[in-house]
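Rule-based calculations on the coordinates, nothing more; no lab input. Since this is a predicted model, take the numbers as computed values, not measurements. Glycine also receives a Cβ, built like all others from the backbone with ideal geometry; neighbour counts cover every protein chain displayed.
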Amino acid sequence: MGMPLAKFKKKQKLLRRAEFTETMDRGQKIVTPYVVLLGRASQKGNSRIGFIVSKKVGGAVVRNLVKRRLRDIYRNVPPSAQALDIVAIARVGADRCDFDALKHAFEAGLGQLQARLARRHSVAVGVEQGENAKVGSPMSPRILSPVTPSERKEKNGSPG
């Protein structure tokens with residue numbers, strides 16, 4: 001019998017719907033063949049993750065298998081220097097791929113997400129300090145305040 005796996009503590013998980021929706025609305029999105037990762041800088045000071053596996057992936061047993069695999073993969077990823085809130089959404093086919101393919105897709109997506117957020121953070125810090133703050137430039141301060149889909153609909157006058 002092997003050693004029991006370390007459990008995720010509450011401070012390592014996204015628990016509330018508001019935490020999931022905030023991360024999904026304001027986060028960066030990375031799409032891989034088996035998982036979609038949405039992430040943003042954490043306001044809590046430590047990295048947290050939440051998993052979404054819909055019924056499109058399979059029945060309850062299959063969904064739980066995919067979640068167990070994703071948890072195990074995340075648990076064994078070296079910690080990042082930056083604290084992130086991450087939502088991992090399993091795609092159709094995540095149940096049929098082997099563990100190594102799922103691990104490769106997750107780790108590649110996580111690396112891309114970390115790189116993108118690090119770039120965005122360095123740009124945002126530069127804007128706060130007044131660098132490249134010319135209005136209308138790609139480095140304009142609007143980067144600091146992303147617009148949620150509901151705010152975008154209101155701005156465009158689309159019915160909600």
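Hey, can you tell me all the residues within segment 53-75 that are in contact with a strand residue (DSSP E or B) (Cβ under 6 Å, 6 or more places away or on another chain) and within 13 Å of residue 96 (Cβ to Cβ)? Give the steps one after another, and end with the answer.
Narrowing segment 53-75 to residues in contact with a strand residue (DSSP E or B) (Cβ under 6 Å, 6 or more places away or on another chain): 53, 57, 66-67, 70, 74.
Result: 57, 66.
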message: I'm trying to understand the selection: among the residues of segment 84-96, which are part of a loop (DSSP other than H, G, I, E, B) and either among the charged types (D, E, K, R) or under 11 Å from residue 114 (Cβ atoms) (or both)?
response: 91, 95, 96
message: Out of everything in segment 16-70 that is part of a loop (DSSP other than H, G, I, E, B) and small (Gly, Ala, Ser), what residue ends up being surrounded by the most Cβ atoms within 10 Å (Cβ to Cβ)?
response: 27
